[in-house]
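Throughout, read-outs are computed from the coordinates displayed, never taken from laboratory work. Fair warning: this is a prediction, and the values are worked out from it, not measured in the lab. Quick reminder, even Gly has a Cβ in these numbers, built from the backbone with ideal geometry, and neighbours come from all protein chains shown.
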């Protein structure tokens, strides 16, 4: 193995052990080619209204594609080759014979090469992400580019470490008194089988590449089944993976892209096929529960949750409201880590200036959200666009049900660059804790409830029970009371939810950093997997030891 | 933490990484106290026909116990305190509050202390095992004593390593251009919840302690539910665990023994309780499948399988038949690792002296089994006794179905020390591959089929399909052909079954060594867990990270 490849993997694994700041690809676009943005835009534009011909997959049934830009509200016109589930499985079975016998060193080299190839297309991937998800350019660049690559490298280095944990050969010598019994043993990490990776519409690469690289690194030929409305970013990643495989003299079909449409989905046919042993899934809970219910499969899910904020006491209310407003507005609340319910005691929030009443808190949050949304330099860029109509409709129906509780109505924020963009700023709704029908379920999108509780302890109890019953990926707590913070940490950790305390300034609860923050704990209903703990790779293969005499 | 404890754990973990021979407790009874055997027998006898009063569990409903010695065919008369499932769960919930907050260092010290305490009672545990399972004294001593302790230490050291994989605290500093963003992060290994460990009748400690020590070391209060016919060995282990807990100032009920009867079982009530999050199970496949089907549980199973031998070509037929006869006779085939089906081509077996016909192979195996069984110095001691009547009956019904295929009938081997012992030597049955109704399912006990196939390749195909469909914990292959051995290794490893090649002399396929051999791979229907790979401990807790600003 090339020494520099080994060093990169070891550095990345060491970073996971240290969990201090680490990044292999800079997150600032300025760190890349000076004309990257222009070239990326041009490359993206040249893909539009064309067949996507970069894949090395033979025998397509035809071409399909139904992506729509949430900024332009027009179809992208990119068409992808169509394959039946059977054809994808059949190709994967053939490729698996080669890939399962490929050494971990070679797999690592090929997969790292693919990441380097993807890095050369970060700007193009960013535009593709922007015009499928509605993320801002900056989030698109960071999330689908360097951050996704970092998370893939994280998994790659963890898997490389785990595959090398045990020796490939040993002589086992046991003294039997008058003689030694010697057995020659070997240990093999046997891949589980064909892997299926099911993508979501809002984060087409960030959530998909960790599972994909985990399955590939552990020797499982993989099929990527993107959300039909968000294909292009991951199509580019798959194309670069195939190029890296071909460059190494390996079958391109070790990874395949299987595109379908909303009307004629192939996901269940793929998931239920006996040959598919591994499934990574990101998306809604109903389909995720179905995936988890399939027998004979090893499944990694990231589903929905209801993320909470406990607002107890603050040093600087303005800074806190600003931070919360940004966390709720970033990509219009369409992040799985975005806060939905802010719990505030009916006695209000303690500040250095005295108690701020519940109503003042609601007004403060609403004003902060309004100020951000209407700020011409911040609003459109922070909010981005709404990925689909269902989310837009949800905002309206939630507001309608809330009636007089609406403290701030969702607004259509004009994006001067894209006047047709589908936008919606967060609605802020005041609600009593007893009105569970309103707030106690996931309301995906730009929807924030400020829930009036009896006390901080009541806020914590609701937050914990919500995470336990519905799942939670994040939890935020603002308190100046060390004892209470300890209680929050204990109670939330007991329902397997991480807590972020007193985030202001540049720290946002939405952001989970590769190499440092576990994303989803796997312990509550929001998902059964965490990237990247060691199980995230170890469950993808099986250790088998053989023994030979003489 | 006491330095010597840390050193012992590190040495044990290093042994797992090396996978060369390692043992912390000598397996020979001679390595222990000279009067150990006599004192152990005396201690065991003093427990008979008494209430077992060593447990620190209050409020029992009464006393129960229905163990029968397979050697004496009389009840042991040991009575254990009876508890409802609800009471056990309630106690465990209370204890869990303390144990989950106990440091990994303290847990490790307490659990290692418990193993040391158990070691002082190895002889007593051996007699208890002998007179509940029917194992010979030597197997009882080794399997329930040093080997069980070694497997527990293996799990303990793996868990200790995994719990320390990530730092407890870090400062995460990200340069944001004009300033640094600093977050203080912690990482906690949160126990999953209450653990249930369900034992089996034939190996009451060897299979039970790994899961029990895995759950305890990772902070989960545990309930041991032994098989009603095989309680005493694990009762002694639980009692010593409780003494070690009390010595450390901890609640004894961090581990509890929950005994039931065949007529009034409490296993399902325990398993289905919402508070029970972890279940370790050893036993039959039907109940194991039920355990695996429970939702919201993390389950580790070791169920049944059909273990095969592929007999292709040999250097020394007599040595091979002798080895097979011993492997099939050891504890009368009641080991989950014992061979059941020996596949031989209709063209026979290649030997240096030329082809040995299928019929000659059958006769050779039958003679070897007969010779061993009837050898007064070997027979009774190797076979031990039959644990229960169901196994005895199975031998008779299988023979009856085989008709003229019976090459060697099972014999009642007189044990001069225990004339009333329930014994049965292996029956050897010649059968055609097409007679799947006879051989293609698990026939637990002293039953060996010599299956006539079309060729060595056919033998391999049947062995692999059997492991894939029915599970297998071991596979044995005798061949002098390197190419064929490679094919066998590939095909069997692909169905997640380890292969032992050309075992003769003192090497037996039945024996899986701690620190070196993974027991059950977890990849085929014989079970979903392997001890000890890292998942065996990592699935018992959840990593949760918290972040704090300033």
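Just the Cα atoms of chain B: what Rg and Dmax do they give in Å?
Every Cα atom of chain B included, Rg and Dmax give 24.5, 89 Å.
Per residue of B:492-498, count partner chain C-beta atoms within 10 Å of its C-beta, then hand back the mean as an integer.
For peptide B:492-498, the averaged partner shielding equals 5.
Between copies, how far apart are the residue B:404 label points? List them in nm, one decimal, shortest first, with each point 7 Å from Cα toward Cβ, please?
9.6
Using only Cα atoms, locate the centre of region B:185-236 and the centre of region A:401-460, then give the distance between them in Å, rounded to an integer.
Centre-to-centre distance over Cα atoms comes out at 46 Å.
If I take every Cα pair under 8 Å that is 6 or more residues apart in chain A, average their sequence separation and divide by the length, what percent do I get for the relative contact order?
Worked out over chain A, it gives 18 percent.
Obtain the nm distance between the two label points defined at residue A:103 and residue A:414 by a simple spin-label model: each point lies 7 Å from its Cα along the Cα-to-C-beta direction.
Label-label distance for residue A:103 and residue A:414, simple model: 6.3 nm.
If we count other beta carbons within 10 Å of each Cβ, what is the order of B:519, A:355, B:458, fewest first?
A:355, B:458, B:519
Taking beta carbons within 10 Å but only from partner chains, what does the mean come to for residues B:289-295?
Counting other chains' Cβ atoms within 10 Å and averaging over B:289-295 gives 1.
Test of understanding: what is the full-extension gain from residue B:261 to residue B:482, defined as 0.36 nm times their sequence separation minus their Cα-Cα distance?
Here the answer is 74.4 nm.
Assuming 0.36 nm per residue, please report the length gained on full extension of the stretch residue A:465 to residue A:41 beyond their Cα-Cα distance.
Contour length minus Cα-Cα distance gives 148.0 nm.
Give me the distance in nm between label points sitting 7 Å out from Cα along the Cα-to-Cβ direction at residue A:243 and residue B:181, one decimal.
In this crude label model, residue A:243 to residue B:181 measures out at 3.1 nm.
Take the alpha carbon atoms of region B:312-386, find their center, do the same for region A:505-530, and report the distance between the two centers in whole angstrom.
Region B:312-386 and region A:505-530 have Cα centres separated by 56 Å.
Taking the Cα atoms of region B:308-501, report the difference between the largest and smallest coordinate on each principal axis, in whole Å and largest first.
Ordered largest first, region B:308-501 gives principal extents of 50, 37, 29 Å.
Of the peptides B:342-351, A:447-456, B:100-109, how do they stack up when ordered by the mean number of other Cβ atoms within 10 Å, highest first?
A:447-456, B:342-351, B:100-109
With r as the distance between the Cβ atoms of residue B:441 and residue B:378 and R0 = 30 Å, compute the FRET efficiency 1/(1 + (r/R0)^6) and round to 0.05.
Efficiency computed from Cβ-Cβ geometry: 0.50.
Using every pair of alpha-carbon atoms in the protein assembly as shown, split the distances into 20 Å bins beginning at 0 and state the percent of pairs per bin, rounded to integers.
12, 39, 33, 14, 2
Suppose each label sits 7 Å from its Cα in the direction of the beta carbon; what would the residue A:86-residue A:490 distance come out to in nanometres?
That separation, rounded to one decimal, is 6.0 nm.
When the helix-only estimate is applied to the protein assembly as shown (DSSP H runs of n ≥ 4, each -39,500 (n - 2.57), divided by the residue count), what is the mean residue ellipticity at 222 nm, nearest 500 deg cm²/dmol?
Taking each H run of at least 4 residues, the total per residue is -12000 deg cm²/dmol.
7 Å along Cα→Cβ for the label point: how many nanometres lie between residue A:381 and each equivalent label in the other copies, listed shortest first?
In ascending order, 8.5 nm.
With 5 Å bins from zero, work out the P(r) of region A:156-225 over every alpha carbon pair and list the percent per bin.
3, 15, 16, 15, 11, 9, 8, 6, 5, 4, 3, 2, 1, 0
Starting with the highest mean, order B:254-266, A:197-209 by the number of other Cβ atoms within 10 Å, averaged over the residues of each peptide.
A:197-209, B:254-266
Please compute the average number of Cβ atoms from other chains found within 10 Å of each residue's Cβ in peptide A:162-173.
Mean partner shielding for this stretch: 3.
Could you give, in nm with one decimal, how far residue A:454 is from each other copy of that position, shortest first, with labels 7 Å out from Cα toward Cβ?
7.6
For region B:320-470, what's the relative contact order in percent, using C-alpha pairs closer than 8 Å and at least 6 residues apart?
That works out to 31 percent.
Using packing as a proxy for protection, rank B:395-405, A:267-277, A:231-241 so that the peptide with the highest average count of other Cβ atoms within 10 Å comes first.
A:231-241, A:267-277, B:395-405
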